[in-house]
Amino acid sequence: MEVHFVHKSAEGDLGVLRVFLAEDEENPTIGTLWNNVAVRGGSRRGETFIEPNSLPPEERSCFRYAGSLNTPSCSEVVNWAVMSQPITVLRRQTDAFANLYPMNARPVQSLNRRFIRRAF
């Protein structure tokens, strides 16, 4: 499982920070997120503030590549940064998300001459 932080600049450029989730210890921030997400196309405005810096792992090394959107149109316009280290969640936290969004994937895309770079 993974979480994406999507950013759009004033010029329309897109960047996504991807953080993987590994099952181990409970993550209170993830629990708060799951309790405040929109379900099945609806909208929901939570009154709870979530500190974005509480989600990425302490070790901030990452891999970078130019890729595509992970939602249709899947166009090739996104600068991706993938964190090297995962954050931890409990199995019940991944199950809770799967219950909210039973199909949350896109078709696999071809490599399309992407290059992966590691940042330290």
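The values are calculated or read from the model by the stated rules, or taken from the named source; none is laboratory data. Source: prediction; values computed, not measured. Methodologically, a virtual Cβ is constructed for each residue, glycine included, from the backbone with ideal geometry; neighbour enumeration extends over all protein chains shown. Heads up: the accessible areas ignore ligands, DNA and RNA and are worked out on the full protein's heavy atoms, side chains in. Shrake-Rupley method; radii C 1.70, N 1.55, O 1.52, S 1.80 Å.
The table for this structure:
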| quantity | calculated |
| --- | --- |
| Residues located in the stretch 1-16, provided they are open to solvent by 40 Å² or more (accessible area, probe 1.4 Å) and of a type in the set (A, V, I, L, M) | 1, 6, 10 |
| Cβ pairs under 8 Å, 6+ apart, first in the stretch 66-84 and under 16 Å from residue 8 (Cα atoms) and without any contact (Cβ under 8 Å) to a residue 40 or more places away in the chain, second among the hydrophobic types (A, V, I, L, M, F, W, C) and surrounded by fewer than 18 Cβ atoms within 10 Å (Cβ to Cβ) | 75/69; 76/66 |
| Residue that is in contact with a strand residue (DSSP E or B) (Cβ under 8 Å, 6 or more places away or on another chain), of a type in the set (S, T, N, Q), open to solvent by less than 90 Å² (accessible area, probe 1.4 Å) and in a loop (DSSP other than H, G, I, E, B), where the choices are 70, 36 | 70 |
| Selected residue (criterion: modelled with the lowest pLDDT) from residues of the stretch 39-67 that are open to solvent by 40 Å² or more (accessible area, probe 1.4 Å) and among the aliphatic types (A, V, I, L, M) | 39 |
| Number of the exception - residue 85 against (1) assigned to a helix (DSSP H, G or I); (2) under 26 Å from residue 119 (Cβ atoms) | (1) |
| Residue 31 in a strand (DSSP E or B), surrounded by 14 or more Cβ atoms within 10 Å (Cβ to Cβ) and not aliphatic (A, V, I, L, M) | no |
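Residue-by-condition table, conditions (1) of a type in the set (Val, Ile, Thr); (2) modelled with pLDDT under 85:
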| residue | (1), (2) |
| --- | --- |
| 12 | no, no |
| 26 | no, no |
| 75 | no, yes |
| 82 | yes, no |
| 86 | no, no |
| 92 | no, no |
